[in-house]
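Notes to accompany the following structure.
Every read-out reported here was derived from the displayed coordinates using simple, explicitly stated rules and does not represent laboratory data. Model, not experiment: these values are computed from the prediction. Positions of Cβ are backbone-derived with ideal geometry, glycine not excepted, and every protein chain shown enters the neighbour counts.
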């Protein structure tokens, strides 16, 4: 099964000018699959008077990727799939209404991305032929032709906007942020201007319904990230007030999968923060369980409690190991034992105290103990 949803990283803190600049690029870079379309378009893309790309036939000619050029004939588009797509189900969906008119959804974009993810294994013309054959074999008219027009627009958007115009916008505003940023804080007005520039680019290729279907999830994450930065940079709010403001913003978001994912991430962040604080304050296992149950539910709280027990047991054995290891080293130094003898005894001690998997943790765990306050 191909990946259906990309994991969005949630930016909650800003630390340093370089990180800020990288964050800008990350926020506003479209979250398509890794696509390495060619950098050049053979001719200028034909546009209608309202700025959108006009007809399917003109697009094929202008983009120079018509299905007849590929030399590959498909019936359903699923024949002889490239290696990366073999054994997978087609991701995405094509939805039509009772009049066989296309209803644009985010699933349509995922369908395009599913086939486009094979770029590199197949050339553009072959992929175009696949998508066209797939759509026309499974979708009635006029929805099939409507979907193909959007696919043409999407190809043009990727080749001109995604690979050329948007990187220029990111570089421009990244440089401005470096010049304008003070005290490690992000200029949110500049971020808003950048979003507007990207929005205007989208409007050149898609109508409002398609923009909403293709990019609403990305925009929701962007807006959430920006608001979290705004709250974080508000020196008038205490730490507790900032937490309340974050939860209030999430509660006012539309009830959808994006909100659920953000709420889950927020709960995890709160879980880690409160767990660390409560452990430092000497909280009992019961107190930790009750806090976790409130945030992530009883099953997860029980699993975390079990992990705490396992970690405590490992830590106890690690301390025993460190003490006995030092004894071995000291005794062997006094007895002028060889390094090989010392190493053999230490390995024997490790085998007595730890499983094969646990022994792989020893070096990293020891280093972690040294940097703990």
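The figures follow:
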quantity	calculated
Paramagnetic reach from residue 278 (point 7 Å along Cα→Cβ, amide N under 13 Å) across region 292-329	292-298, 300-306, 308
Packing-based order for 111-123, 74-86, using average beta carbon neighbours within 10 Å, highest first	111-123, 74-86
Per-peptide average of other Cβ atoms within 10 Å, ordering 251-261, 190-200 highest first	190-200, 251-261
Global form of region 293-373, assessed from the alpha-carbon gyration tensor, a/c cut-off 1.5	prolate
Cα centroid of region 187-255 to Cα centroid of region 261-284, whole Å	25
Length gained when the stretch residue 253-residue 358 is fully extended (0.36 nm per residue, less Cα-Cα span)	33.5 nm
